[in-house]
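Below is one structure; the comments refer to it alone.
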Amino acid sequence: MTLRWTPQPVGDAIVDIVLSLNEQAQSMHGTEVATASYSKIKPSINNLDAIGRKIEEVEKEIQELEGHPGRYLRSMLNAYGYFVRSLQGDDLPYAEYIANIQELPATLISEEAMKGHRELVEQGLTNLNYKGSLKDKAENWLKDTLISPEKVVEVAESMKEKSKIGTLKRVIELPKEDGIDYIKSIRDVFWSGYSKYTGDFRGNLTFNIDRPWTEPVLAQIMTHESYPGHQAFYCRWDYLFQQDKLPLEASYYLINSPTNALFEGGPESALHFLGWDRDEEETEEISLEQKEQYKLARDWIDMQRMAMTNACYMFNTREMNKEESVAYMMEKGLLGEIEANNCYRFFSHPIQKTYYPSYYYGRWMVGKAYDSVPKEQRPAFFETLYDTPHTTNTFIDAVSKLVGRKFQPFEQVKNSKEDFLI
């Protein structure tokens, strides 16, 4: 018996809307936006106007739906409506799209916050005995930890089993059929890594070798894409759906919805969940020297993501053009030219522009939530994150209940370095 939150026609229509949005996005922009769907429902709505009308019909049906299901589904349907408007080219303020599609802020990250994170990176580099300016230290660190393009897959493979062991031990259970069938490299794409769920608890990983890779950074991205990141999320949801523990109305993953900050924020914090960046954790043959490198790599990625998120905001609010946004990322985030141009391709994409903020704000939200929870409550936290359908706002409320105080991940940062920690 399939778990449902609504009568069958309503629930089926919700999934039909999602999968029909996917068909339209693929037709218009060659982009898959429903990256997983676990039911047998097929798309049947053939144009954006008809999808919009179906959204309005379903919204009327769920107006009186109570509790968490009602709140979750009303947020999701509202986001679908805004996603349709975005696909149609409606010229709404960027902040309005982000607030309604993802329930996230859309504003500039302050220079004060960015300065705090640059200081964290510089301190980490100094602890590893690098000398000179921040740029000099960073360039030497990147050179010392660089992996040649032909070795990227091999190094990623070496991390796969360790990260799965840690996931099963400290994060969540996965069915015995779970697995990654292959890891491969690719060129001429704007993303760094990609996790493709193929069904039946299996998936594949791909890494972009146009960009330079270092071992500490690859460890962060590898755990993001595999365990306990995207592959773990996809597989766990599939398992829950088959066990009638995930409702039909949430039996998919859709780019540009209020679930995005959890789906990216969890993987962005994946290595931290494993304890690979913390001395007090006993982990899978990860040395203290590696942990120091991995902690630095996380701070490095966060520093870069701040610059990238600001560039995304300023480009999409028409405050910067391409050349200015690329230059900004290279100056403020110390991105290389290839990485900065790839990021520009990402956040200037007609669909990805309203998805990109989920990486930074998701990392901020989920990372802060995890660090707020006492160790003995981590199982409850992981159940909230992996097993319960949540939007940004319902997740924030759930964490508030878990920690016994109001959790405010997006409050204005204060003049203290601790406030920059994520």
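The values are calculated or read from the model by the stated rules, or taken from the named source; none is laboratory data. Keep in mind the model is a prediction, meaning the values are calculated, not measured. Cβ coordinates were reconstructed from backbone atoms using ideal geometry, including for glycine residues, and neighbour counts include every protein chain displayed. To get the accessible areas, we keep the full protein, side chains included, count just its heavy atoms, and leave off ligands, DNA and RNA. Shrake-Rupley method; radii C 1.70, N 1.55, O 1.52, S 1.80 Å.
Among (1) under 27 Å from G81 (Cβ atoms); (2) open to solvent by 10 Å² or more (accessible area, probe 1.4 Å), there is one condition Y239 misses while meeting the rest; what is its number?
Y239 satisfies all of (1) under 27 Å from G81 (Cβ atoms); (2) open to solvent by 10 Å² or more (accessible area, probe 1.4 Å) except (1).
Mind counting the residues in segment 336-354 that are out of contact with any Cys (no Cβ under 7 Å at 6 or more places or on another chain) and open to solvent by less than 10 Å² (accessible area, probe 1.4 Å)?
Counting residues in segment 336-354 that are out of contact with any Cys (no Cβ under 7 Å at 6 or more places or on another chain) and open to solvent by less than 10 Å² (accessible area, probe 1.4 Å) gives 4.
Scan segment 315-329 residue by residue and report those that are at negative phi and surrounded by fewer than 17 Cβ atoms within 10 Å (Cβ to Cβ). Break it down into steps so the answer makes sense when it comes.
Narrowing segment 315-329 to residues at negative phi: 315-317, 319-329.
Of everything in segment 315-329, those that are at negative phi and surrounded by fewer than 17 Cβ atoms within 10 Å (Cβ to Cβ) turn out to be T317, E319, N321, K322, E323, E324, A327.
Residues that are surrounded by fewer than 22 Cβ atoms within 10 Å (Cβ to Cβ) and among the small types (G, A, S): does segment 293-300 have at least one?
No, the conditions are met nowhere in segment 293-300.
Looking at segment 6-57 only, could you name the residues that are within 26 Å of the chain's Cα centre (by Cα), buried (at least 20 other Cβ atoms within 10 Å of the Cβ) and in a loop (DSSP other than H, G, I, E, B)?
If the condition is that a residue be within 26 Å of the chain's Cα centre (by Cα), buried (at least 20 other Cβ atoms within 10 Å of the Cβ) and in a loop (DSSP other than H, G, I, E, B), then V33, Y38 are the ones that fit.
Tally time: how many residues in segment 104-119 are open to solvent by 30 Å² or more (accessible area, probe 1.4 Å), farther than 14 Å from W364 by Cα and touching a helix residue (DSSP H, G or I) at 6+ places or on another chain (Cβ under 8 Å)?
Number satisfying all stated conditions: 4.
Counting only residues that are out of contact with any strand residue (DSSP E or B) (no Cβ under 9 Å at 6 or more places or on another chain) and among the small types (G, A, S), how many does segment 21-61 have?
5
Quick check: anything in segment 58-67 more than 21 Å from N393 (Cα to Cα), open to solvent by 80 Å² or more (accessible area, probe 1.4 Å) and either among the β-branched types (V, I, T) or outside any helix (DSSP H, G or I) (or both)?
No - not one qualifying residue is present in segment 58-67.
Given the criteria in a loop (DSSP other than H, G, I, E, B), under 24 Å from the mean Cα position of the chain (by Cα) and not charged (D, E, K, R), does P216 qualify?
On the way: in a loop (DSSP other than H, G, I, E, B): no; under 24 Å from the mean Cα position of the chain (by Cα): yes; not charged (D, E, K, R): yes.
Criteria not met by P216.
More than 26 Å from F382 (Cα to Cα), modelled with pLDDT under 95 and either open to solvent by 50 Å² or more (accessible area, probe 1.4 Å) or not acidic (D, E) (or both), is that true of F190?
Values: more than 26 Å from F382 (Cα to Cα): yes; modelled with pLDDT under 95: yes; either open to solvent by 50 Å² or more (accessible area, probe 1.4 Å) or not acidic (D, E) (or both): yes.
Yes.
Filter segment 206-216 for residues that are under 21 Å from R345 (Cα atoms) and in contact (Cβ under 8 Å) with a residue 24 or more places away in the chain and give the result. Write out each step before concluding.
Looking only at segment 206-216, we keep the residues that are under 21 Å from R345 (Cα atoms), and these are 206-213.
The answer is F207, N208, I209, D210, R211, P212, W213.
Can you pull out the residues in segment 194-223 that are under 16 Å from Y294 (Cβ atoms), in contact with a strand residue (DSSP E or B) (Cβ under 7 Å, 6 or more places away or on another chain) and open to solvent by less than 20 Å² (accessible area, probe 1.4 Å)? Give the derivation first.
So in segment 194-223, the residues under 16 Å from Y294 (Cβ atoms) come out as 213-223.
Keeping just the survivors that are in contact with a strand residue (DSSP E or B) (Cβ under 7 Å, 6 or more places away or on another chain) gives 213-215, 218, 221.
Passing the criteria: W213, T214, L218.
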